[in-house]
1. When the residues of the range 644-656 are narrowed to those that are open to solvent by 10 Å² or more (accessible area, probe 1.4 Å) and either assigned to a helix (DSSP H, G or I) or at pLDDT 95 or above (or both), which ends up nearest to Asp695 (Cα to Cα)?
2. I need the helices (runs of 4 or more DSSP H) fully contained in the range 523-610, keeping only those with at least 2 residues that are of a type in the set (D, E, K, R) and over 17 Å from the mean Cα position of the chain (by Cα).
3. Being hydroxyl-bearing (Ser, Thr, Tyr), modelled with pLDDT under 85 and under 21 Å from Ala531 (Cβ atoms) is true for just one of Thr250, Thr243, Thr255, Thr283. Which residue is that?
4. Kindly list, by first and then second residue, each pair from a residue in the range 635-655 that is over 22 Å from Val625 (Cβ atoms) to a residue that is modelled with pLDDT under 95, limited to pairs with Cβ atoms under 7 Å and residues at least 6 apart or on different chains.
5. Just give me the residues in the range 509-525 being in contact (Cβ under 8 Å) with a residue 24 or more places away in the chain and either among the small types (Gly, Ala, Ser) or surrounded by 22 or more Cβ atoms within 10 Å (Cβ to Cβ) (or both), in sequence order.
6. What are the residue pairs meeting all of these: first residue in the range 4-22, first residue open to solvent by 70 Å² or more (accessible area, probe 1.4 Å), second residue among the hydroxyl-bearing types (Ser, Thr, Tyr), Cβ atoms under 6 Å, and 6 or more apart or on different chains?
7. Pairs needed: first member in the range 609-620, more than 14 Å from Tyr656 (Cα to Cα); second member anywhere, in a helix (DSSP H, G or I); C-beta distance under 6 Å; at least 6 residues apart or different chains.
8. Of the residues that sit in the range 298-307 and are in contact with a Gly (Cβ under 8 Å, 6 or more places away or on another chain) and open to solvent by less than 30 Å² (accessible area, probe 1.4 Å), which one is farthest from Ala531 (Cα to Cα)?
Amino acid sequence: INVGDIVVEDGDIYGDGVNMAARIEALADPGGAFISESAFNQVKGKVELGFEDLGHRSVKNIQEPVRVYRLLLDPEAAALPGGRKKRGFIRQAFDRRVPQITGVYLAVSWAFLEFVDWGVNQYGLSSSLSSFVVSLLLLMLPTVVWVTWHHGAPGPDAWTKADFLTIGGNLAIAAGFLFLVAGFDIAELTTSDPEAYEARETRESALDALEETEDPRRIAVLYFEPRSPQEEMPYLAAGLTETLITELGTVPALTVTSRNGSALFRDEVVSPDSIGRALSVGTLVDGTVAQSDDRIRVSVSFVNAATGETFGRTLVERPRTELFDLQDDLATEVALFLRGALGEEIELIERQRGAEENIEAWELMQRARSLSDQAADLHETGKEAAWSRLEEADSLLALAEYIAPEWVEPTVSRGWLAFARSRMAGMSAQADAERWIDEGLDHARIALRLEPENADAMELKGRLEYWKWILDVEPDPGAAEDLFNQAEADLRQAISLNSQQAGAWDYLSHLLLNKDQVAEGKMAASRAYQADAYLRNADVILWRLYSTSYDLEDQPEADHWCRELARRFPDNQRAIECGLWNMTMEGADVDVDSAWVLAEAYKRTLSPQDEEFYSRWVGMGMAAVLARAGLADSAGAVAEGSRADEDLDPIKDLVYMEAFVRSLTGETELALDLLSEYMALSGKDPSEVDHWWFDPLREEPRYRTLAGT
């Protein structure tokens, strides 16, 4: 049983609410009933039933562990009236401190056993010593429980000082005996076989160094280098790389960096350790692709990212006419080598292909993808060049569709190209953008008819619908609302088909924030980042994670995402901005000198057209930092100097921010006057001022009226 949101479509229900219930059902005993924490919170204290807390459980396709409760139908088992006997026994046990003292004994025993194990490993002692200690501690456990039951209750039978001294003396004698045995063992090892002792020390040092490197199961497949002059070799090498990334990504034992992450180092000369640090991986898979006499040869190297040392190689060769078999062989060879090197059970999931495996169509797809990537890189600097590459890519994909009509990938890719063209048209040419959106939707619907459970096609449809809603090209409010709801349903469906659909998580996050569902929007952004930390808009996702944490007044989370943004994108304007705004949160470490440095650094990132407004905007942020530092006069002076006229601040954002500053400095009436001005002139909904910024004003009747509370 679970309580959660669902989506109803064609008589079926989908969504997180249903998925969670199904996962919990799989944990339940035959004939039993398990409920989620959300359901428990709805019924606790309201029903004549009992619940056994089973703690947090990991379930399939749910990122975070979920808390589960077992429903207890028997009143005695549930410790309700009629179960006095069982409850009385438990109460007696707690009264006699049996659980408490047993817990302390087990904790001390565990610590002592860890110490013994450390000694065994550090000095090469006999492994039988650990077994002896375990046996001794287990034999003493019933004695501890029995003595506690009979002497733990308050009153005449309570524990005495003599009891503690007796037990302590026995433990001291046992510890002394163990140290005596260990001393003889160490002496024998170091005197009889000093070389073995030194070898063991060397091994331990090597293991310590290894622990400082990234997990070797975290893998990045670098783009293979073409080594033949044929024109199509770069497309072939890129296609083989991306196919290998996709196939290795299906292996549960491995964590494989996405294509976007590997693309950061395409055609770049970067040392392995730098790549390892940037992508947080321990193993690099690199290679070359060459063609000779109509045969394709792929040579693959496996590199330790920390040291740069190559620890293995493999070679795969096939006739060009057997390209798809070559892809399968390549993935299998790499998986087999990794299985042997890492000691992990690695099983590849069978690759999903089109109805007709057409090598020519596949190569057309690779050429189109390369042109699409070029267009994305040219978008900011040369829109005409970017547009021509998208047109050429679309022509190639149309030809691939014609050659392999049952293969869904070219159709989906044409939809993504239409989406890119609509984004290039944007707000400034809404009619053109709408035309490309509709064309993209046509491609998405065709793809879904060919393959109804294609997650990429479903994500494409949802993103296009949401983008159309953002452009506000639908004049009928009811139709616009339907479009928004359909976009949400399609994005959720894409995620249910593939929980690692990073783009769908990203757009769903933005959509949920537009619904003022900040907590769920943050969760979706987090899932997007986990699924692919190297999306083209990763900086935007990190900023969204920071800003939602800030809005939720979660200072540790806000600090975490700000640091991650600064680590990944140190020169990004938002990485500077979040450092300043972090200091405006309650409980944050406020360093006024550092805040001034950040404010000046932020101003240096501003373009001439933005400088006049945003220099005042960051000034208001600085005023809030000063207010948090208790410098009310300085905060007020900086806030006054950061004001703007109506031409520069028509929607009164700076007025809103100054109200925050004045609420921190204790100037309640001025803060309320500023909020009233903001509400009157901006046309904002009352929920805009129902924010933790204004917690000092919550008891004021004027504030309650403004916030609609």
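1. Checking each candidate, the answer is Tyr656.
2. Result: 573-582, 592-604.
3. Thr250
4. Leu648/Glu612; Leu648/Phe613; Ile651/Ser682
5. Ser509, Leu511, Ala519, Gly521, Lys522
6. Tyr14/Ser496
7. Here the result reads Ser615/Lys603, each pair linking the range 609-620 to a residue that is in a helix (DSSP H, G or I).
8. Quick first cut of the range 298-307, residues in contact with a Gly (Cβ under 8 Å, 6 or more places away or on another chain) only: 298-302, 304-306.
Next, from what is left, pick out any that are open to solvent by less than 30 Å² (accessible area, probe 1.4 Å): 298, 300-302, 305.
Values: Val298: 29, Val300: 26, Ser301: 26, Phe302: 24, Ala305: 22 Å.
Here the residue is Val298.
The values are calculated or read from the model by the stated rules, or taken from the named source; none is laboratory data. As the structure is a computational prediction, the values presented were derived from the model and not from experiment. Cβ: placed from backbone, ideal geometry, glycine included. Neighbour counts: every protein chain shown. Note: accessible area is taken over every heavy atom of the protein model, side chains too, but ligands, DNA and RNA are not part of it. Shrake-Rupley method; radii C 1.70, N 1.55, O 1.52, S 1.80 Å.
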